[in-house]
Amino acid sequence: MSEIGKMNRRVTLRTYAASTATDFGGVTRSNPVDYETWAKVVRLSQSEIMANGLKLGEAAYKVVLRYQDGMKVTQRNEILYNGKTLRVLSVINLHEANFYIEVIAVERTN
């Protein structure tokens, strides 16, 4: 399973260091930490979206990143790709081998 040659898209993994509650019940995020890396990015078809239990009509992507020690990808991260902000829905350490991380993400609409 060699994904290295297919990782030809530049993405930014964004993590927010702090969140502060507002007086109106919202949350203000500040101090983003960005990490740029290469990834394989594939837009999911409608049948793949249904198979993953996502809403039809959403722009969903599968992003494969190379595993790196200390790099934590969670649902609190965002992925910036090609002018789009993707919200992370699921993270899988492929084959539990600490080599590739597969992320399912949808394009933010707000």
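The values are calculated or read from the model by the stated rules, or taken from the named source; none is laboratory data. What you see is a predicted model, and the numbers here were worked out from it, not measured in a lab. Here the Cβ is made from the backbone with ideal geometry for all residues, glycine too, and neighbour counts use every protein chain on show.
Counting only residues that are modelled with pLDDT under 90, farther than 13 Å from THR15 by Cβ and of a type outside the set (Phe, Trp, Tyr), how many does the range 67-88 have?
The number of residues fulfilling the criteria is 2.
Tell me, which strands (runs of 3 or more DSSP E) lie completely within the chain with 2 or more residues that are surrounded by 11 or more Cβ atoms within 10 Å (Cβ to Cβ) and of a type in the set (D, E, K, R)?
Hits in the chain: 9-21, 27-43, 60-66, 84-93, 100-107.
When the range 93-107 is examined, which residues are found to be of a type outside the set (Gly, Ala, Ser) and under 11 Å from the mean Cα position of the chain (by Cα)?
Passing the criteria: ILE101, GLU102, VAL103, ILE104, VAL106, GLU107.
Name every residue in the range 40-60 that is under 22 Å from ALA97 (Cβ atoms) and modelled with pLDDT of 80 or more, in order of residue number.
LYS40, VAL41, VAL42 - these are the residues of the range 40-60 that are under 22 Å from ALA97 (Cβ atoms) and modelled with pLDDT of 80 or more.
Being at pLDDT 80 or above, under 13 Å from the mean Cα position of the chain (by Cα), over 17 Å from ILE104 (Cα atoms) and not basic (Lys, Arg) is the requirement here; does ASP34 meet it?
In short, yes.
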